[in-house]
Amino acid sequence: MRVKNQPKSTSQNIPMKQFHSMKDAFIHELRDIYDAEKQLLKALPEMEKKAASPDLKAAFREHCEQTEEQVRRLEQCFEKLGEKASATSCKAMKGIIAEGEDLLKQKDSGDILDAALIGAAQKAEHYEIATYGTLAEWAKGLGETAVKDLLGKTLSEEEETDELLTKLARGGINRMAKSAA
Ligand code: FE
Ligand code: FE
Ligand code: FE
């Protein structure tokens, strides 16, 4: 079935080309996460707006600022590799964000929605952690030390964000959500 009025993606949905080297696979994955970060850059302010807990709002705001820097870091990676910084549609992040957007349709903000927003955000972070973990290892294998350092820095930020979200959930949001029911 064809879906009408589909929003136009800013990224290129080009068919995947054949890999001839590990570097080809690396660049493909780099373009995927470049798109994923850009998608998150748009989604995080919406999540911040909808969150009720001031701590959760702050976490989303801070991570949005980090994400801007992460986009720049990826551009530095492309530059160091002598490749054009272009994005390939990340279908996985599109799906994760679409699920998050469903949550944003909830009328009432509060502890229950906060708990759900944390869950949605952690799905995005885990996708990023998996991707950056892979990319950092590949960069190391390819002898691209400067690129590996940049990717490793972002990986740490994603892990820290994930831990912070867990802390916020365990620190009360989940419990309050339960008693609000
Ligand atoms: Fe990120
Ligand atoms: Fe992807
Ligand atoms: Fe992130």
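Per-residue Karplus couplings for segment 48-56, computed as 6.51 cos²θ - 1.76 cosθ + 1.60 with θ equal to phi - 60°, are listed in order as 4, 4, 7, 5, 9, 5, x, 5, 5 Hz, Gly and Pro entered as x. Farthest toward the positive end of the dipole of the chain, out of 39, 134, 179, is the Cα of 39, where the dipole comes from beta carbon charges about the Cα centre.
Heavy atoms only, 1.4 Å probe, whole protein assembly: order 73, 61, 31, 170 by accessible area, highest first. Walk me through the numbers on the way to the answer.
Values: 73 15, 61 105, 31 50, 170 190 Å².
These residues rank, largest area first, as 170, 61, 31, 73.
Separation of segment 111-129 and segment 52-90, taken as the distance between their Cα centroids, equals 17 angstrom.
What is the extension gain from residue 75 to residue 41, computed as 0.36 nm multiplied by their sequence separation minus the C-alpha to C-alpha distance, in nm to one decimal?
On the way: separation 34, 0.36 × 34 = 12.24 nm, distance 1.49 nm.
Answer, rounded to one decimal: 10.7 nm.
Applying D = kT/(6 pi eta Rh) to segment 22-180, where Rh is the Kirkwood radius over alpha-carbon pairs, T corresponds to 10 °C and eta to 1.306 mPa s, the Stokes-Einstein value obtained is 98 µm²/s.
Where does the chain land at 222 nm, in deg cm²/dmol rounded to the nearest 500, when only DSSP H runs of n ≥ 4 count, each adding -39500 (n - 2.57), divided by all residues? Display every interim value, and only then the final one.
Details: 6 runs with 133 residues, N = 181.
The helix contribution divided over the chain gives -25500 deg cm²/dmol.
What the Cβ-Cβ distance of residue 140 and residue 84 gives, at R0 = 41 Å and to the nearest 0.05, is a FRET efficiency of 0.95. In this simple spin-label approximation, residue 94 and residue 107 carry label points 7 Å from Cα along the Cα→Cβ vector, and these lie 3.2 nm apart. For residue 52 and residue 28, a Förster radius of 41 Å and the Cβ-Cβ distance give a FRET efficiency of 0.55, rounded to the nearest 0.05.
Dipole size of the chain about its Cα centre, with +1 on Lys/Arg Cβ and -1 on Asp/Glu Cβ: approximately 720 debye, rounded to the nearest 20. Annotation: residue 83 carries an accessible surface of approximately 70 Å², with a 1.4 Å probe and no ligand, DNA or RNA atoms counted. The listed residues 93, 176, once ranked by accessible area (1.4 Å probe) with the largest placed first, stand as 176, 93. Each residue of segment 120-129 was assigned a 3J(HN,Hα) from its phi angle through the Karplus expression (A = 6.51, B = -1.76, C = 1.60, θ = phi - 60°), giving 5, 5, 5, 5, 5, 4, 5, 5, 5, 4 Hz with x at Gly and Pro.
If I compute solvent accessible area with a 1.4 Å probe over the protein chains, what percent of it on segment 22-180 is carbon and sulfur?
Working: 4010 of 7950 Å².
The computed percentage sits at 50.
Here each label is just a point 7 Å from Cα along the line to Cβ, and for residue 19 and residue 163 those points are 3.1 nm apart.
In this structure residue 94 has an accessible area near 90 Å², from a 1.4 Å probe over the protein heavy atoms. Exceedance of the 27 Å cut-off in Cα-Cα distance is absent from the set 17/38; 17/91; 123/148; 50/167; 17/84; 57/153.
On a 1.4 Å probe surface of the protein chains, which of 20, 28, 126, 63 comes out largest in accessible area, and what is the full order?
20, 126, 28, 63
The values are calculated or read from the model by the stated rules, or taken from the named source; none is laboratory data. Computed from a predicted structure; not experimentally measured. As a convention, Cβ positions derive from the backbone with ideal geometry for all residues, glycine included, and neighbour counts pool all protein chains shown. Side chains are part of the model used for accessible areas, which takes the heavy atoms of the whole protein and leaves out ligands, DNA and RNA. Shrake-Rupley method; radii C 1.70, N 1.55, O 1.52, S 1.80 Å.
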